[in-house]
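Take a look at the structure below.
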Amino acid sequence: NPFAGLVSHLRASWLSGKTRPMEYRIAQLEALGHFLDDKKQQILEATASDLGKAPFEAELSEILLCKNELHETLNNLSHWMKDEQVDRTLVMQLDSAFIRKDPYGVVLIIAPWNYPIHLFLVPLIGAIAAGNCVIIKPSEVSKKTERLVAEALPGYLDKDCFAVVTGGVQETTRLLENKFDYIFFTGSPPVGRIVMTAAAKHLTPVTLELGGKNPCYVSDTCDVTNVARRVVWGRFFNTGQTCIAPDYLLCTVEMQDKLLPALRKAIDDFYGPNPQESPDFGRIVSDKQFQRVQRLLGSGRVAIGGQTDEAERYIAPTVLVGVQPSDPIMQEEIFGPVLPIIIIANTDEAIDFINSRERPLAVYAFSSDDKVVNQVLQRTSSGGFCGNDTLTHLTLTSLPFGGIGNSGLGMYHGKFSFDTFSHHRGCLKRSMGREPLNGPRYPPYSQQKFGVIRATSTVTRKNDCTLL
């Protein structure tokens, strides 16, 4: 295996204990901050080349949010690393019982192409903070960013403990044949199944950050202009190539009639009369992805947009109406600048529609009536939820981010990243003395001994008592 030597080298470094001291972890994390500062312009240029990302979008999603994660981690790492003391029964009051946050060992992070810096760097921050050695596999689809990461990042990190591996499907397949102690994968559900299958051969735990079709319900009672602006921003940010973008709208016919002109105006306000000329609207990442999204335009009827330019991999911000649940566009995550509208009769029907499909990475609900938003929240299941906005729940380091069911397994961001890459080790330390206290547990057994054990070891319900 071409990567066996690399994995073995990193494992030897981890076993040496090099990554465990807090000072070491902080130094490596601060080096990531230097990477973001020093390579800021190259990051903006690479993501512009790969995805046509506007500098504003790239700086927000690839740099600012990563720095927020970094600073949150550096501010709290000493607290997160501390042993967590736990409750003890009466018989163990003189002992020490605690949870130790151990690193897993050598972990693998496989990143996607749509946010090619953010989606490897944020999990990497958690993995370093937890004391692991890491192999990073950036996506080969975002070519310029892959090259930047492969060439520049190793100059900032300890080469004995961190490495970047490049390549496509073949290289990733060979990489996954190796035994890792944890695998963190971001991508599509079909590839997630492949990663999980490979991990199962070594009983390796995984976090799978997958996608899905995120529903966006718009009730009849809302500020239509505000809804349109927030939905257009969330759907067309990064040209729709966002795993938590609203994938389709659910609303009544009456609301659709109000929304369409508002959506059209929002698109015009944001990107001008010809979005192809807008410096703030990007491009599809590859010819393959362009052709896939272009085929989906055949579902329903184009109400807004619909223009394409294959030479530029340009697809206009598009809204489709008359879409049926059985149409091709409703069978896969769109991952492009296309927003279908599905007509429903009321809130109950919208909730039933959401619950009839795989559980998504995010559910969105818009309403001026908080009861309606809460109803959608309480009666649906998803990785995350956002009421009266889109995407913004991702920006809080205090909230866990992750999927459920088909949209993923596990979570990260902030302390949740540290916890994901840490093994929570239950520890008990007892005295070598005080042996008479152990007498009741040793044979020969008796009912009297059991009574002592029960009295000193039982966990009782509150407002309950045990009669001796």
State all residues of the range 255-298 that are more than 24 Å from residue 226 (Cβ to Cβ), among the charged types (D, E, K, R) and part of a helix (DSSP H, G or I); if no residue qualifies, say none.
277, 287, 288, 292, 295
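When the range 240-254 is examined, which residues are found to be part of a helix (DSSP H, G or I) and more than 19 Å from the chain's Cα centre (by Cα)? So that I can check it myself, show each step before the final result.
Going residue by residue through the range 240-254, those that are part of a helix (DSSP H, G or I) are 240, 253-254.
253, 254 - these are the residues of the range 240-254 that are part of a helix (DSSP H, G or I) and more than 19 Å from the chain's Cα centre (by Cα).
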Answer from 358, 349 - the residue that is in a helix (DSSP H, G or I) and at pLDDT 95 or above
349
The one condition residue 433 fails out of (1) touching a helix residue (DSSP H, G or I) at 6+ places or on another chain (Cβ under 8 Å); (2) more than 30 Å from residue 211 (Cα to Cα); (3) open to solvent by less than 50 Å² (accessible area, probe 1.4 Å) is (1)
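What tally of residues in the range 300-317 results from selecting those that are within 29 Å of the chain's Cα centre (by Cα) and open to solvent by less than 30 Å² (accessible area, probe 1.4 Å)?
Narrowing the range 300-317 to residues within 29 Å of the chain's Cα centre (by Cα): 313-317.
Filter once more, so that each one left must be open to solvent by less than 30 Å² (accessible area, probe 1.4 Å): 314-317.
Number satisfying all stated conditions: 4.
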When you scan the range 406-424, how many residues do you find that are under 16 Å from residue 205 (Cα atoms) and of a type outside the set (A, V, I, L, M, F, W, C)?
9
Just wondering, is there one or more residues in the range 217-239 that are over 20 Å from residue 313 (Cα atoms), of a type outside the set (Gly, Ala, Ser), in a strand (DSSP E or B) and in contact (Cβ under 8 Å) with a residue 40 or more places away in the chain?
yes
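Which residue, of 462, 449, is of a type in the set (Lys, Arg) and either in contact with a helix residue (DSSP H, G or I) (Cβ under 9 Å, 6 or more places away or on another chain) or open to solvent by less than 70 Å² (accessible area, probe 1.4 Å) (or both)? Walk me through it before giving the result.
Numbers: 462 fails: either in contact with a helix residue (DSSP H, G or I) (Cβ under 9 Å, 6 or more places away or on another chain) or open to solvent by less than 70 Å² (accessible area, probe 1.4 Å) (or both).
Result of the check over 462, 449: 449.
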Do we have any residue at all in the range 406-415 that's free of Cβ contacts under 8 Å to residues at least 24 places away in the same chain and either among the aromatic types (Phe, Trp, Tyr) or open to solvent by 70 Å² or more (accessible area, probe 1.4 Å) (or both)?
no
Among the candidates 268, 287, 257, residue that is among the charged types (D, E, K, R) and in contact (Cβ under 8 Å) with a residue 24 or more places away in the chain
287
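Look at residue 372 and say whether it is touching a Ser or Thr at 6+ places or on another chain (Cβ under 6 Å), open to solvent by 10 Å² or more (accessible area, probe 1.4 Å) and among the aliphatic types (A, V, I, L, M). Explain how you work it out, then say what you get.
Values: touching a Ser or Thr at 6+ places or on another chain (Cβ under 6 Å): yes; open to solvent by 10 Å² or more (accessible area, probe 1.4 Å): yes; among the aliphatic types (A, V, I, L, M): yes.
When the stated conditions are applied, residue 372 passes them.
Per-residue answers, yes or no, for (1) in a loop (DSSP other than H, G, I, E, B); (2) farther than 30 Å from residue 100 by Cα:
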residue: 372; (1), (2): no, yes
residue: 378; (1), (2): no, yes
residue: 389; (1), (2): yes, yes
residue: 426; (1), (2): no, no
residue: 436; (1), (2): no, no
residue: 452; (1), (2): no, yes
residue: 459; (1), (2): yes, no
What number of residues within the range 60-105 are β-branched (Val, Ile, Thr) and more than 27 Å from residue 426 (Cα to Cα)?
1
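Looking at the range 209-236, which of the residues that are of a type in the set (A, V, I, L, M, F, W, C) and open to solvent by less than 10 Å² (accessible area, probe 1.4 Å) is nearest to residue 296 (Cα to Cα)? Full working, then the answer.
So the first thing to find is which residues in the range 209-236 are of a type in the set (A, V, I, L, M, F, W, C), and the list is 210, 216, 218, 222, 224, 227-228, 231-233, 236.
Imposing the further condition that a residue be open to solvent by less than 10 Å² (accessible area, probe 1.4 Å) reduces the set to 216, 218, 227-228, 231-232, 236.
Values: 216: 19, 218: 23, 227: 24, 228: 22, 231: 20, 232: 19, 236: 16 Å.
This residue is 236.
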Can you find a residue that is more than 30 Å from residue 25 (Cβ to Cβ), of a type in the set (Phe, Trp, Tyr) and open to solvent by 40 Å² or more (accessible area, probe 1.4 Å) anywhere in the range 380-393?
yes
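The values are calculated or read from the model by the stated rules, or taken from the named source; none is laboratory data. As the structure is a prediction and not an experimental result, all values here were calculated from the model. Reconstructed Cβ throughout: ideal geometry from the backbone, glycine too, with neighbour counts over all protein chains shown. Just the protein is used for accessible areas: all its heavy atoms, side chains included, with ligands, DNA and RNA removed. Shrake-Rupley method; radii C 1.70, N 1.55, O 1.52, S 1.80 Å.
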